[in-house]
Structures are given as structure tokens and as C-alpha cells.
Amino acid sequence: MTLDLFDDPPRAAREAISAGAFVLPGFALPFAEELLPAVRALEERAPFRHMLTPGGFTMSVALTNCGALGWTSDRRGYRYSPTDPVTGEPWPAMPDSFTRLAREAASAAGFEGFAPDACLVNCYEPGARLSLHQDKDERDHGAPIVSVSLGMPAVFLFGGLARTDKTVRIPLRHGDVVVWGGQDRLRYHGVLPLKDQPHPAFGSVRVNLTFRKAG
Ligand code: SIN
Ligand code: FE2
């Protein structure tokens, strides 16, 4: 047998950031063809919108949700709600392909039986960013967070349990999944301002799906 030294080195199936945090490179690629039309159908019923933070800033990331609960923000604070404040309707149901992907990714990272009831869908255009924050509005911190990257690449920041802890920079590409839970569930994280590096199917957009057990 000869080794082909000119091939790209194979990427590990799972890269540990920490004891309870993993990158699964390309894990979502087999689902990608189902995900793009599902996002399109979702935004028809629950359009992307720029939410206001309690401090009065408009978020650069546009957001929508699917699932029983959706994350919203306004001057009164952050919360999960069963209805979309823009349409007054329940959030669209979580597509089966989303639920399967989230459960399989969680399991690949060692978190069995993940049953998300909320999927935040973030839409980043060039320049959009997400400042360091913790995902802590969920009732159940026992379940992990599963975060799926689609479209343009981004640099994910993963920090510690205090905002001022140092962060590692993790480049994320279309199809990569990050899972964090257990002792790492409340780590600060964010996304650096996106560069314009258009993706063949998504164009100058990055879509991120984060799955949570919120209720
Ligand atoms: C989030 O923290 O909600 C999103 C992270 C990402 O866009 O990668
Ligand atoms: Fe987050």
C-alpha cells in the first residue's frame, strides 16, 4: 500500500476544544441539501429580523426560530416564547432533518438523547458579528447546545465561564458543527465580524442553526 502524500490530510471526526466541547468538522454536510430548502421555507413563515437588545442596540445578526419555543429579545429583555412576536403565530415546527441532525451531532459528541425544542436560526451578512455571551436563558442546562454552520465561513470564539477569560479562535466552515455541554455548557462564545467570502449555494450569507432544550 502506498500513502498518497498529496491528498488533503483527513480531518478528525471530532476535535475536542475542552472536556465537554467539540467541533465535528463537516458533520452536517450529508444533511446540507435538505437544510437549505428548509431554511427558505422557514423564512417565508417567520422572516429574519434584527432584534433589539434590552440595552437598545439593534443586533447585526438577523434571527428567526423554529420549534416549540423561539428566542426573542426586545427592550424588556431576552426570553423564549411559543409565538413569533412579528406574526403573532406559533413558530414553524422544527423540520425532521433539523431534529435528526441535532440528535446525531449531540450523540457524536457524547451527549445521548438530545431532544431540542428550540432552534435559533441566525443569518450573518458581511460585517455581522455576535459579541461574547452565554446561552443561559434555557431552563435546562443539562442538555448541550448544538450549533450548525452553513454558508460563508466564520471565526467562532470560545471562552471560559467568565467574560474576561481568554478565548480560542475556531475557524468554522459550511457543514461544521460545534457541540458544548456538561461542564462547558455555560462558556462564553461569540463570532468575529464576517468577511465577505461568498459560498456557492448561500452567497454572501452565513446561516447558523443553534439547537437547545429551552423549556
Ligand atoms: C450563537 O451563539 O447563538 C450562534 C453562534 C454562531 O453563529 O456560530
Ligand atoms: Fe450563543
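Before moving on, here are some points about what is shown:
- Between Lys166 and Arg49, the simple spin-label model (points 7 angstrom out along Cα→Cβ) gives 4.2 nm.
- Fully extended contour minus Cα-Cα distance, from Arg40 to Glu15, at 0.36 nm per residue: 6.0 nm
- Estimated [θ] at 222 nm from DSSP helical runs (n ≥ 4, -39500 (n - 2.57)) normalised by residues in the chain, nearest 500: -4000 deg cm²/dmol
- The fraction of accessible area contributed by carbon and sulfur in the chain is 55 percent, rounded to a whole number (1.4 Å probe; ligands and nucleic acids excluded).
- In terms of packing, defined here as the mean over residues of other Cβ atoms within 10 angstrom, the peptides 175-181, 37-43 line up highest first as 175-181, 37-43.
- Lysines with Cα under 22 Å of Lys166, excluding same-chain neighbours fewer than 8 positions away: Lys136
- Selected from Phe211, Leu150, Phe57, residue furthest toward positive end of dipole (the chain; charges at beta carbon): Phe57
- Under the Karplus curve 6.51 cos²θ - 1.76 cosθ + 1.60, θ = phi - 60°, whole-Hz ³J(HN,Hα) for region 203-215, x wherever Gly or Pro sits: x, 7, 9, 10, 10, 10, 9, 10, 9, 9, 9, 9, x
- Using Cβ point charges alone (K and R +1, D and E -1), the dipole size of region 19-108 about the Cα centre works out to roughly 360 debye.
- HN-Hα J in Hz across region 115-122 - Karplus 6.51, -1.76, 1.60, θ = phi - 60°, x for Gly and Pro: 10, x, 10, 9, 10, 7, 10, 9
- Between the amide H of Ala128 and those of Leu194, distances stay under 5 Å, these residues lying 5 or more places away or on another chain, with hydrogens modeled in the peptide plane.
- The residues of region 15-212 expose on average 45 square angstrom of accessible surface per residue, using a 1.4 Å probe on protein heavy atoms.
- Long-range HN-HN contacts of Arg185 with modeled amide H, under 5 Å: none
- Choice from Arg11, Arg169, Arg129 showing the highest fluctuation, given a GNM over the chain with Cα pairs closer than 10 Å: Arg11
- Our coupling estimate for region 53-67, obtained by passing each phi through the Karplus curve with A = 6.51, B = -1.76, C = 1.60 and θ = phi - 60°, is 7, x, x, x, 8, 8, 5, 6, 8, 8, 9, 9, 9, 9, x Hz, Gly and Pro reported as x.
- For His199, distant residues with modelled amide H under 5 Å away: Met152, Ser204, Val205
- Calculated FRET value between Asp140 and His199, using beta carbons and R₀ = 35 Å, to 0.05: 0.60
The values are calculated or read from the model by the stated rules, or taken from the named source; none is laboratory data. In this text, all values refer to a predicted model and were calculated from it rather than measured experimentally. Reconstructed Cβ throughout: ideal geometry from the backbone, glycine too, with neighbour counts over all protein chains shown. These area figures cover heavy atoms from the full protein model, side chains too; ligands, DNA and RNA do not enter into them. Shrake-Rupley method; radii C 1.70, N 1.55, O 1.52, S 1.80 Å.
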